[in-house]
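These notes are about the structure you will find just below.
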Amino acid sequence: MTSSMLSVPQARLQALLAGYQREVRRRRWQSLLVLAILAILVAIAGRFGEVDLANLVDNISNFTSYFGRIMPRLTVAHFGANVADWYWNITGWLKLLLDTVLIAYLATLIGACAAFAMAFLAAANLASSRWLRWCIKRVFEFCRTVPDLVFALMFVSAFGLGPLAGVLAIAIHTFGTLGKLFTEAIENIDMKPVEGVHSTGGRFIETVRFGALPQVMSSFASYALLRFEINVRSGSVGGMVGAGGIGQDLFVAIRKFYYTDVSAILLMIIVCVAIMDLVTERIRHRLSGQDKVR
Amino acid sequence: MSTRRIMPPDDSAAVLDRHRNLFSHSPLQRVLAFAAPFCIGGLAIFAVWWLSIPFSQIGPGLASLGKFIALMFPPSTGGHLDLLLKAMGETLAIAFLGTLIATVVAFPVSFLAAKNTAPHPTIRFAIRRCLDTIRGIDALIWALVFVGVVGLGPFAGILAIAVSDTGALGKLFSEAIESAEERARESVLASGGTGLLAVRFGLLPQVLPIIAGQILYYFESNVRSATIIGIVGAGGIGLQLSEQIRTYDFDQVAFAVIMILVTVAFIDGISSRLRFAIIGRRTVT
């Protein structure tokens, strides 16, 4: 073993070693360059972002004490009464929380249905018209990029305060994101079933129904569920601009310094999102499990 | 035209029998497949009723929406292009620094939250729950809190994005670490390396490309979310945008939206280039 290793001539060994070291040096320089670029960018961004570390250090006690202040006063002796005091408006908040969840649900449903209808026309492997495809993809991009709060603000002006504006705003955003994801899922399918249906004389609708749909249905459902969960989370801020849901109360509580209300509502949102997270994850795992069998 | 049969007709029963499991579903599956659309539809109807969605408002609402859109043309800067450009710069700065700080914080934490590198299960559990809690609160709410701490301005936005992304990135990084191949780490340990060396040479080379891809992806999405964070006064173009919508200056709204679209498309282009350069053509998200 050793002899075979030593059998490499000294000159060759030296050349190899030199090559290795050159390579290592080159990579070092590369990482240094990346770090230097990053540092320059940080400096520029710091100027634009008005980073003021001294201010942060001075006021960080505000941050920690804020969490101290929003903590409810709970004592062992009067635990029940204290909790009741903390959640004095539990029925009202629960109703608003249900509002938020239902707004997210309706918006996800509308957005997913619209995205479902359009995605097959936007996928490069199914749709024939290049021009139509380009247009739909740009529409998706527009709906995805314009922030949903901007839509919400405009809809509140147009449709009045209330959940309708929230539903529409989140639905448009969902349409944009799901449209992109659905299109990508369709573009990644196995084309053989599609060709099979096509060769037996199937038209576009039949090709989609029997060739493409069985392959993508489960991933569509899991994307939609994931989006639902995200929408519950972002639906909780829609209320800040008057688009319905629990965000309104949270916003008022933060702005008017009703400290314990803030923690009560936040805790409710976190628990609700966590439950959503667990439930949708279960369903998504089951869906993807089915996918593997197929 | 004569049909050519590949399979004699009498065999079809046998074939059907062999693939019986593809055609017969259990009663539960049938019920589920039948009931699912009804449940989805029923819940939607309940939601419409519960939220008391006013259908009568849709007509006039669409009419006034049409008016807004008509007002958007032609888009105009309203005479303060410099202000808008500065706000856009702030937005980019918020997204960049926010992502960077979140990465720097989340990276070490994620090792404590990953199953295969956590020093103790209880530490892992505690850190996981912390990350979940941080993630459960929207960036906009963090922005409200930080506006109270460091005052109005983009710095509050940076901190808000940094905190809320620490939760998300910490979770993603720890999942990447957990899914890494154990063999490389074991071989470093077997040749006498310490635990730290094993992580450096056995684990990092595997997870770094995945992590880099995720960071770039989050940077892209942060550029999008930094555009709205200004609504609560945390810097960026959101402040101008919300003011213009409230004052019905829709030509300026259109201009700001176009600016956002162009910037986001530009950033997307750059970062997807970088992502492909780092992890190859097939993206891992």
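Just so you know, all these numbers are worked out from the coordinates, no wet-lab data involved. Every value quoted in this text rests on a predicted model; they were computed, and no experiment measured them. All Cβ positions, glycine included, derive from the backbone under ideal geometry; neighbour counts span all protein chains shown.
A compact table of results
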quantity	calculated
Single match in B:Thr117, B:Thr103, B:Thr99, B:Thr122 (criterion: within 30 Å of the chain's Cα centre (by Cα) and in a loop (DSSP other than H, G, I, E, B))	B:Thr117
In the stretch B:125-160, the residues that are facing chain A (nearest Cβ under 8 Å), over 21 Å from the mean Cα position of the chain (by Cα) and either touching a residue at least 24 places away in the same chain (Cβ under 8 Å) or part of a helix (DSSP H, G or I) (or both)	B:Val145, B:Phe146, B:Gly148, B:Val149, B:Val150, B:Gly153, B:Pro154, B:Phe155
Members of the stretch A:92-109 found to be of a type outside the set (A, V, I, L, M) and buried (at least 20 other Cβ atoms within 10 Å of the Cβ), listed by number	A:Asp99, A:Thr100, A:Tyr105, A:Thr108
Selection from the stretch A:44-71 of residues that are under 29 Å from A:Thr260 (Cα atoms), surrounded by 14 or more Cβ atoms within 10 Å (Cβ to Cβ) and among the aliphatic types (A, V, I, L, M)	A:Leu56, A:Ile70
Selected residue (criterion: surrounded by the most Cβ atoms within 10 Å (Cβ to Cβ)) from residues of the stretch A:137-156 that are over 18 Å from the mean Cα position of the chain (by Cα) and not aliphatic (A, V, I, L, M)	A:Phe155
Residues (over 21 Å from A:Glu229 (Cα atoms), in a helix (DSSP H, G or I) and within 14 Å of another protein chain (Cβ to nearest Cβ)) located in the stretch A:162-191	A:Glu187
Test: residue in the stretch A:121-136 that is part of a helix (DSSP H, G or I), within 12 Å of chain B (Cβ to nearest Cβ), crowded, with 17+ Cβ neighbours inside 10 Å and not basic (Lys, Arg)	no
Total residues in the stretch A:48-84, condition among the charged types (D, E, K, R) and either outside any helix (DSSP H, G or I) or touching a Lys or Arg at 6+ places or on another chain (Cβ under 8 Å) (or both)	3
Cβ-Cβ under 7 Å pairs, at least 6 apart or on other chains, the stretch B:94-109 side within 24 Å of B:Gly238 (Cβ to Cβ), far side among the charged types (D, E, K, R)	B:Gly98/B:Asp165; B:Thr99/B:Asp165; B:Ala102/B:Asp165
Any pair with Cβ under 7 angstrom, 6 or more apart, that starts in the stretch B:39-51 at a residue that is more than 7 Å from every other protein chain (Cβ to nearest Cβ) and touching a residue at least 40 places away in the same chain (Cβ under 8 Å) and ends at one that is in a helix (DSSP H, G or I) and not hydrophobic (A, V, I, L, M, F, W, C)	none
